[in-house]
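Below: the structure, in structure tokens.
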Amino acid sequence: MTRPLGTPDPDWQTRHAHAIVTPEAAVRRIKPGQRIFLSTGAGAPTALVRALIEQRSRLADIEIVTLFVAGEAPFCTRELAEVFTLNTFFVADNVREMVRQGLADHTPIHLGDIPRLFGSGRMPLNVALISAAPPDADGHVNLGIAVDVVRAAIESAQLVIAQINPHMPVTHGDTSLAVWDIDLLVPAATPLPETPTPEPDETLARIGRNVAALVPDGATIQMGIGRVAQSMIRFLTGKKNLAVHGEMISDTILAPLASGALSGPVVTSFALGSRKLYDTVHANPLFSFRRTEHVNDPRVLARLPRLMAINSALQIDLTGQVCVDSLGVKLYSGLGGIAAFNAGAAACAQGRAIIVLPATARGGKVSRIVARLAPGAGVALNRGMVHYVVSEYGMAYLFGKTIQERALALIGIAHPNFRAALIKRAVKWGYVRPEVGDVDGHIWVGGRELRTSMLLESGRMIQFRSSRPTDWQAVRSMLYSLSEGTVYRRYMSHVKRFPFNRLKNFTFIDQRRDVVVVGTVSGGSQEEVVAIGGYNVDDATNLAEVAFLVRDDWQGQGIGTFMMRHLASVARNAGVAGLTAETLMENLPMQAVLKKSDFPVRTSTDGETVHFEIRF
């Protein structure tokens, strides 16, 4: 049960004098060959760590177990490797090279399983070194910004030593700990390590805007560990009534908090950021720091309102396998809570499990969306677990999709420079139809300038956007639904079949020059295409031939006129000189639409067809 926050007792050192020792005296209780737990992130007791290193000459074979340590990790060096061996659950940048050299160790484990690892005795702990705020008058300390697996370690360790640090914020949640559950108290005022989150670059901003389109008002947000996932909440400042439930919070939470988008509650297990963040959570009832057993419990997560689980990946292959913890054989981070939050969001009513990743790495030299994962890469989420994948180039939805649909969707959000190679591999391995190989690299999904919407008099909304490779089946369904008369007026012949080679001209497009837009409406769990239009540019004249189709049951509502004006605007802004079109003499509706152009229209006829030329 959560206790009310108490103020520090000014006489606490007198009241608890029997348990108070210096850092040096506390560390002298540690013996060679023992396993020591070190509190998480900015909660690491730096005074105790320094004392431990100073006594290295009398110690040997000390295993230091931790989720991760913020700032410096002075015990994890080549010179001290014979005395201290780090066993980390998350490979942070301050220990990564030592792990890769085999001089430090890594235990791959889901964050929610660590408490059970301690409690079961499979990883017995001799000592727990923790940090806490000074005791209150009732004799309780506060664990502040690091609760996570710390409470499980305290309950499992034979000896608990706490650095009592007045710099530690006092927080709400599972943070209160009785002094009599601690063996030694070590007064030491040391500033908490600060790790401010840098401002996002344009790539992260584009990803953030794409993610924001998936997040509704009233959602509960989880951001995974790492800069990419943590940055996403910055772009939700225009939302309303957001809450947070996740293992970590950073400075990125301050912007939506200041804007009013985040109204709480904020449930987390640890905080890592600047002093401003630590001051914000201090005695703030909006924030609740809970133990990992609660925060990462999929049963708890499934009951949250509209859980948006946002986690980053290092690589994803064309079938949907996700790697989060290694670059091939090189260990990079850890499994964290991605599996639990992905499962929780998938089971949650109106929840969404979202994987975010920049399309490239190493300054654009390599693609993160790959035909197959690098040899040695770990699979954190298998093909059947992945739902939404978001890069700076858009969003791909994979759940319940075929291998072909997955591959095309992911190629569509890969960096354009790598799409040709990805298509070739996908064809070679039978992921997609052989005909797809004919399009080579000519896939460039249009940007935001192609998006618009139309509100009909009936109250229905049609959303227009650039076509994507994954639209070909929806376009096929629309074409086969058309009446014989509509097909004849559009194609000037009685077309009976729409094979893939015809369909790909609608969806496999380099939309930097030619354009195809689709008009969609929500049809249950899927989008329905009810209109399609576009233009092809003639390089010799810089004129674009325009054409469009509206499904029979949606005709007569001004959709064709709307599309015509939208395509004309897009073409003019792209530097195209004008539009041309060919219609049958009997196709009076199409002629009426073309004549409504906002620009001068010239017509000519050969008796069977009418030629239109519209100059901007």
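Here are a few things to note about the model shown:
- Residues in the range 1-54 that are part of a strand (DSSP E or B), of a type in the set (V, I, T) and within 23 Å of V170 (Cβ to Cβ): I20 alone.
- Residue in the range 163-176 that is farthest from L272 (Cα to Cα), counting only those that are aliphatic (A, V, I, L, M) and touching a Leu at 6+ places or on another chain (Cβ under 6 Å): I164
- Any hit, the range 501-522, residues being modelled with pLDDT of 90 or more, under 19 Å from Q557 (Cα atoms) and surrounded by fewer than 17 Cβ atoms within 10 Å (Cβ to Cβ): yes
- Residue ID - farthest from G400 (Cα to Cα), chosen from residues in the range 445-464 that are at pLDDT below 90 and surrounded by 18 or more Cβ atoms within 10 Å (Cβ to Cβ): L450
- Enumerated strands (runs of 3 or more DSSP E) restricted to the range 505-616, each holding at least 3 residues that are within 25 Å of A474 (Cβ to Cβ) and not assigned by TED's automatic domain parsing to the domain that holds F399: 515-523, 526-538, 543-550
- Residue count for the range 482-522, restricted to those that are over 12 Å from L549 (Cα atoms) and in contact (Cβ under 8 Å) with a residue 12 or more places away in the chain: 17.
- Residues of the range 523-536 that are in contact with a helix residue (DSSP H, G or I) (Cβ under 8 Å, 6 or more places away or on another chain) and at pLDDT below 90: Q526, E527.
- Filter result for L549 (at pLDDT 90 or above, in contact with a Ser or Thr (Cβ under 6 Å, 6 or more places away or on another chain) and not hydroxyl-bearing (S, T, Y)): no
- Cβ-Cβ distances below 8 Å connect the following pairs, each with a first residue in the range 215-236 that is on the phi > 0 side of the Ramachandran plot, a second residue that is modelled with pLDDT under 90 and in a loop (DSSP other than H, G, I, E, B), and a separation of six or more residues or different chains: G218/P305.
- Here the helices (runs of 4 or more DSSP H) wholly within the range 245-333 that include at least 2 residues being surrounded by 22 or more Cβ atoms within 10 Å (Cβ to Cβ) are 275-281, 292-295.
- Pick from the range 150-167, criterion of a type in the set (G, A, S) and within 13 Å of L38 (Cβ to Cβ), ranking: nearest to the chain's Cα centre (by Cα): A153
- Extreme residue, nearest to T452 (Cα to Cα), among residues of the range 562-586 that are touching a helix residue (DSSP H, G or I) at 6+ places or on another chain (Cβ under 8 Å) and surrounded by fewer than 19 Cβ atoms within 10 Å (Cβ to Cβ): N573
- Filtered residues of the range 219-245 (kept if small (G, A, S) and at pLDDT 95 or above): A219, A243
- Applying the condition of being on the phi > 0 side of the Ramachandran plot and under 22 Å from the mean Cα position of the chain (by Cα) to the range 385-430 and asking which residue is surrounded by the fewest Cβ atoms within 10 Å (Cβ to Cβ) yields G400.
- The residue of the range 1-39 that is surrounded by the fewest Cβ atoms within 10 Å (Cβ to Cβ), among those that are closer than 21 Å to R291 by Cβ and modelled with pLDDT of 95 or more, is R35.
- When restricted to residues that are part of a helix (DSSP H, G or I) and among the hydrophobic types (A, V, I, L, M, F, W, C), the range 452-492 contains 6.
The values are calculated or read from the model by the stated rules, or taken from the named source; none is laboratory data. Values in this document were obtained by computation on a predicted structure and should not be read as measured data. No Cβ is skipped: glycine too gets one built from the backbone with ideal geometry, and neighbour counts run over all protein chains shown.
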